[in-house]
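The values are calculated or read from the model by the stated rules, or taken from the named source; none is laboratory data. The structure displayed is predicted, hence computed values, not measured ones. As a convention, Cβ positions derive from the backbone with ideal geometry for all residues, glycine included, and neighbour counts pool all protein chains shown. For the accessible areas, the whole protein counts, side chains as well, though only heavy atoms, and no ligand, DNA or RNA atoms are used. Shrake-Rupley method; radii C 1.70, N 1.55, O 1.52, S 1.80 Å.
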Amino acid sequence: MTTIGDAANRAWVTRSRRAVWHPCTQMKAHETLPIVPIARGAGAWLFDFEGRRYLDAVSSWWVNLFGHANPRINAALVNQLATLEHAMLAGFTHRPVVELSERLAALAPAGLGHAFYGSDGASATEIALKMAFHYWHNRGRPSKRQFVSLEGSYHGETLGALAVTDVAIFRDTYAPLLHRNALVPNPDLRQARPGESARDVAERAAARLEAHLAAHHATTAALIVEPLVQGASGMVMHDPHYLALARALCTRYEVLLIADEIMTGFGRTGTFFAWEQAAAPAPDFLCLSKGITGGYLPLSAVLCTDAVYDAFYDDDPGRGFLHSHSYTGNALACRAALAVLDIFRDDDVVAANRATAERWRALAAPLARHPRVRHFRQRGMILAFDVETARPDFARWFFAEALARELLLRPIGRTVYLMPPYIVTDAEFELLATRVAGILDAA
Ligand SMILES: *Cc1c(COP(=O)(O)O)cnc(C)c1O
């Protein structure tokens with residue numbers, strides 16, 4: 001075996017800084033902030049070229065469910081590679097895309113029987129927004145062209161998706177390019193006034209939504225929400241009752257409801273889809289991506305109802321949904337997604353996760369009591385808390401401190417969240433919680 005010195009790590013970092021424009025990054029910051037070179041992954045760990053390891057406690061931007069280099073997903077992909085890697089989906093079809101569409105429909109809230117595919121989360125948002133507008137257009141109501149989203153929402157960063165996103169750092173520069181939409185208050189449970197329950201907060205926010213829809217339903221095509229957890233604005237959590245209220249209001253005011261489960265889907269919030277916790281009729285659209293392939297390949301899907309599908313079904317081509325991406329329904333990606341669904345079925349993952357989430361809650365209890373921690377919160381496999389700190393560079397500082405302790409963590413502002421792959425062992429989670437507490441001690 002050859003020993004690779006630190007020089008190997010450094011070489012990849014230098015070459016990357018020169019040739020790769022990294023996402024969500026001021027490249028100049030990398031003069032001091034480390035870029036982490038990754039040579040390989042195994043389970044919940046990523047390894048650099050030196051053999052140093054990092055616990056992937058953010059599931060590589062929320063996509064990984066069952067660990068890196070998962071043998072079962074690997075085997076499915078190897079098998080698919082020998083059969084069909086990709087074929088165009090316009091006018092053609094193949095086994096993985098048909099099976100995946102049927103299985104997603106069976107798992108989704110009842111009535112979402114038609115799957116349209118994209119390649120990433122933002123394109124799923126674009127598809128849902130365009131479909132919602134086009135639905136009303138086909139129904140003879142083209143004035144319904146506005147969208148409503150929640151304060152602190154994140155639905156992706158292409159121009160259409162950014163227009164329904166409310167995260168200043170992503171949005172502000174591009175605001176002049178964006179279609180004007182409406183924002184309504186979110187039911188963030190940290191906003192509870194003394195004596196108010198999470199449910200009360202949900203009702204207060206829903207009343208604001210109702211006032212908006214009462215005034216603007218004639219020009220509103222759809223409401224888009226991240227069910228239960230608004231991820232990118234800092235793991236902002238709300239009571240499921242809000243979703244039931246929003247569903248009822250959208251029905252009453254004839255506004256379509258888009259559930260963006262790009263982050264919350266595939267077991268992340270404790271049920272297979274977050275929407276299940278709403279105890280309400282299905283949304284009109286369900287956007288899926290991220291965990292759909294277990295973190296292997298880019299793929300997204302928008303599921304919709306018969307009512308939406310039927311409004312496009314016509315002899316007139318112009319009434320069809322004329323939207324396409326080159327890699328739509330990619331066979332390898334669909335096969336990875338099928339392998340993910342097999343794991344959910346064979347290992348009864350949702351039930352197992354329920355027990356895992358309880359163990360994580362217990363293991364994180366000392367962290368929840370840390371004097372710097374505020375608003376400790378958990379929804380299924382997502383734990384988050386806000387940190388009391390005067391450091392203006394907290395997120396960067398924490399990221400570097402975490403790396404020094406073999407942890408990959410990326411706080412959002414002063415919110416730290418733990419969202420590892422479902423397969424981390426109790427010992428690994430305990431290591432994570434203990435070392436995070438150590439960082440907070442140093443803060
Ligand atoms: C990540 C995310 C998106 C965007 O997905 P990309 O694949 O990054 O384009 C949209 N909505 C939500 C809720 C997300 O978390």
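State yes or no: is A232 in contact (Cβ under 8 Å) with a residue 60 or more places away in the chain, more than 12 Å from the ligand (Cβ to nearest atom) and part of a loop (DSSP other than H, G, I, E, B)?
Working: in contact (Cβ under 8 Å) with a residue 60 or more places away in the chain: yes; more than 12 Å from the ligand (Cβ to nearest atom): no; part of a loop (DSSP other than H, G, I, E, B): yes.
Judged against the criteria, A232 is not a match.
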### Query
Of the residues that make up segment 268-283, is at least one more than 16 Å from the ligand (Cβ to nearest atom), among the hydrophobic types (A, V, I, L, M, F, W, C) and either touching a residue at least 60 places away in the same chain (Cβ under 8 Å) or in a strand (DSSP E or B) (or both)?
yes
### Residue pairs meeting the criteria (Cβ under 7 Å; at least 6 apart or on separate chains; first polar (S, T, N, Q), in segment 116-137; second more than 10 Å from the ligand (Cβ to nearest atom))
S119/H325; S119/Y327; S123/H325; T125/G160
### Unmet requirement for D393, which otherwise passes all of (1) at pLDDT 95 or above; (2) open to solvent by 30 Å² or more (accessible area, probe 1.4 Å); (3) among the charged types (D, E, K, R)
(1)
### Message
Going residue by residue through segment 213-221, is there one that turns out to be touching a His at 6+ places or on another chain (Cβ under 9 Å), assigned to a loop (DSSP other than H, G, I, E, B) and among the β-branched types (V, I, T)?
### Response
no
### Query
Say we look at segment 403-437 and pick out the residues that are touching a residue at least 40 places away in the same chain (Cβ under 8 Å) and of a type in the set (G, A, S); which of these is least open to solvent (accessible area, probe 1.4 Å)?
A433
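With over 24 Å from A307 (Cα atoms), of a type in the set (V, I, T), modelled with pLDDT of 95 or more and open to solvent by 10 Å² or more (accessible area, probe 1.4 Å) as the only criterion, which of T219, T173, T165 stands out?
Values: T219 fails: over 24 Å from A307 (Cα atoms); T165 fails: open to solvent by 10 Å² or more (accessible area, probe 1.4 Å).
One residue alone meets the criteria, T173.
Here is a yes/no grid of residues against (1) more than 28 Å from R204 (Cα to Cα); (2) touching a Gly at 6+ places or on another chain (Cβ under 8 Å); (3) within 10 Å of the ligand (Cβ to nearest atom):
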site	(1), (2), (3)
T125	no, yes, yes
K130	yes, yes, no
R145	no, no, no
S153	no, no, yes
A163	no, no, no
A175	yes, no, no
### Query
Any chance segment 308-327 includes a residue that's modelled with pLDDT of 95 or more, more than 21 Å from Y242 (Cβ to Cβ) and under 17 Å from the mean Cα position of the chain (by Cα)?
no
### Number of positions in segment 258-267 that are touching a Leu at 6+ places or on another chain (Cβ under 8 Å) and either assigned to a loop (DSSP other than H, G, I, E, B) or away from the ligand (no atom under 15 Å from the Cβ) (or both)
6
#### Entry: Residues within segment 73-83 that are surrounded by 15 or more Cβ atoms within 10 Å (Cβ to Cβ) and either at pLDDT below 95 or not β-branched (V, I, T) (or both), tallied
3
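Per-residue answers, yes or no, for (1) within 28 Å of V424 (Cα to Cα); (2) surrounded by fewer than 24 Cβ atoms within 10 Å (Cβ to Cβ):
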{"position": "S289", "(1), (2)": "yes, no"}
{"position": "T293", "(1), (2)": "yes, no"}
{"position": "D310", "(1), (2)": "no, yes"}
{"position": "A355", "(1), (2)": "yes, yes"}
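Here is a yes/no grid of residues against (1) part of a loop (DSSP other than H, G, I, E, B); (2) of a type in the set (S, T, N, Q); (3) open to solvent by less than 50 Å² (accessible area, probe 1.4 Å):
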{"residue": "V97", "(1), (2), (3)": "no, no, yes"}
{"residue": "A106", "(1), (2), (3)": "no, no, no"}
{"residue": "A110", "(1), (2), (3)": "yes, no, no"}
{"residue": "H137", "(1), (2), (3)": "no, no, no"}
{"residue": "P142", "(1), (2), (3)": "yes, no, no"}
### Check on E157, near the ligand (Cβ under 10 Å from one of its atoms), assigned to a loop (DSSP other than H, G, I, E, B) and assigned by TED's automatic domain parsing to the domain that holds R190
yes
### Message
Here's a check for you: in segment 17-60, which residue that is touching a Pro at 6+ places or on another chain (Cβ under 9 Å) and open to solvent by 40 Å² or more (accessible area, probe 1.4 Å) is farthest from F272 (Cα to Cα)?
### Response
E50
